[in-house]
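The structure appears below as structure tokens.
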Amino acid sequence: GENVEQHPSTLSVQEGDSAVIKCTYSDSASNYFPWYKQELGKRPQLIIDIRSNVGEKKDQRIAVTLNKTAKHFSLHITETQPEDSAVYFCAASRGYTGFQKLVFGTGTRLLVSP
Amino acid sequence: SAVISQKPSRDICQRGTSLTIQCQVDSQVTMMFWYRQQPGQSLTLIATANQGSEATYESGFVIDKFPISRPNLTFSTLTVSNLSPEDSSIYLCSATGTLNTEAFFGQGTRLTVV
């Protein structure tokens, strides 16, 4: 079955810096790669996703890149703000949407210091 | 976007008893899933709740321990049976809408077994 590895487990940056979180997956049939943000005590919320027919996607300060050949994808956050502090999870699934089950990475705790 | 209501939000249960968690979605959805999240850990899929048929369980999870119902397109329940302290965790319901969209999450149920 699918296995998703995520690094780093913890990331501390200064406000205004960039943050990069990387994930690798094992199932070459995976086609959908969402990123979720989970604040303490709250539900995971989708912040951006990418499908296998696209190499990069951007939404304001957030971008995701996908390298299907190498089976890895990354989350890039620019101009970080204290409210970006949270745990971020990558995930992978077959199919092009959340219709298929999601396999999650281990999570990255991002701390943005003012 | 779909709104998912999950209850109870938390409970403290005696070992050997059972807890049933309810998940209600405000619109018809295609797929519903149940996840477990240990504090500070990632999300692990328990099963896919199939409407009108038996749930599909992931490796390591069995129907006798985690019976699931999904009587219609907007409602599902997860029961955690014969509770032990190892079952203390957060249980999350997830659903994907019919319009080929992302997976949404309920707010979670924090279960403590004493």
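The strands (runs of 3 or more DSSP E) falling completely within the range B:1-107 that include 1 or more residues that are over 14 Å from the mean Cα position of the chain (by Cα) and modelled with pLDDT of 95 or more map to B:10-13. Before we move on, is B:Ile63 buried (at least 17 other Cβ atoms within 10 Å of the Cβ) and more than 9 Å from chain A (Cβ to nearest Cβ)? When the stated conditions are applied, B:Ile63 does not pass them. Each residue in the range B:46-56 was checked for being within 11 Å of chain A (Cβ to nearest Cβ) and either surrounded by fewer than 21 Cβ atoms within 10 Å (Cβ to Cβ) or hydroxyl-bearing (Ser, Thr, Tyr) (or both), and 2 pass. Residues of the range A:69-114 that are out of contact with any strand residue (DSSP E or B) (no Cβ under 7 Å at 6 or more places or on another chain) and more than 17 Å from A:Gln38 (Cβ to Cβ): A:Thr69, A:Ala70, A:Thr78, A:Glu79, A:Pro114. The residues listed here are A:Asp84, A:Asp49, A:Asp27; of these, the one that is surrounded by 14 or more Cβ atoms within 10 Å (Cβ to Cβ), under 16 Å from B:Phe104 (Cα atoms) and acidic (Asp, Glu) is A:Asp49. Quick check on the range A:41-71: of everything there that is within 11 Å of chain B (Cβ to nearest Cβ) and part of a loop (DSSP other than H, G, I, E, B), which residue is farthest from the chain's Cα centre (by Cα)? The qualifying residue farthest from the chain's Cα centre (by Cα) is A:Gly41.
When B:Met32 is tested against (1) more than 29 Å from A:Thr10 (Cα to Cα); (2) without any contact (Cβ under 8 Å) to a residue 60 or more places away in the chain, only condition (2) is not met.
The values are calculated or read from the model by the stated rules, or taken from the named source; none is laboratory data. Note that this is a predicted model, so its numbers are computed, not measured. Backbone-built Cβ (ideal geometry, glycine too); neighbour counts: all protein chains shown.
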